[in-house]
1. Suppose we filter segment 6-28 for residues that are under 18 Å from Leu68 (Cβ atoms) and surrounded by 10 or more Cβ atoms within 10 Å (Cβ to Cβ); how many remain?
2. Out of all the residues in segment 1-23, which are modelled with pLDDT of 90 or more, touching a helix residue (DSSP H, G or I) at 6+ places or on another chain (Cβ under 9 Å) and assigned to a helix (DSSP H, G or I)?
3. Report every pair of residues separated by at least 6 positions or lying on different chains whose Cβ atoms are under 6 Å apart, first residue within segment 29-55 and within 24 Å of Leu68 (Cβ to Cβ) and of a type outside the set (Asp, Glu), second modelled with pLDDT under 80 and part of a loop (DSSP other than H, G, I, E, B).
Amino acid sequence: MFDPPAEVAYAAVPMSVVGCSEHRRLAYEAAVKSIVLLKNRNNFLPIGEKAQKILVVGPTAASIEVLLATIMA
């Protein structure tokens, strides 16, 4: 991301390869296997028992496409 493209071997890989169906399937499989649901055992997390909502923030927090991994760069 910060190096000149000439110094990055992957910079020449076209999106048709990066975003091919096989790679998208593998990315989806990795995402599904890496999902973590948090349990607040022993009140370890700073979340009160009465909390009904949790705020998700960041540049793509409101993007359902990103959250579902359905868009390509």
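1. Let us first name the residues in segment 6-28 that are under 18 Å from Leu68 (Cβ atoms), namely 19, 21, 23-28.
From what is left, the residues that are surrounded by 10 or more Cβ atoms within 10 Å (Cβ to Cβ) are 19, 23-28.
So the count comes out to 7.
2. Selection gives Val17, His23.
3. Ala31/Ala69
The values are calculated or read from the model by the stated rules, or taken from the named source; none is laboratory data. On a predicted model such as this, the values are computed, not experimentally measured, just so you know. All Cβ positions, even for glycine, are placed from backbone atoms using ideal geometry, and neighbour counts span all protein chains on display.
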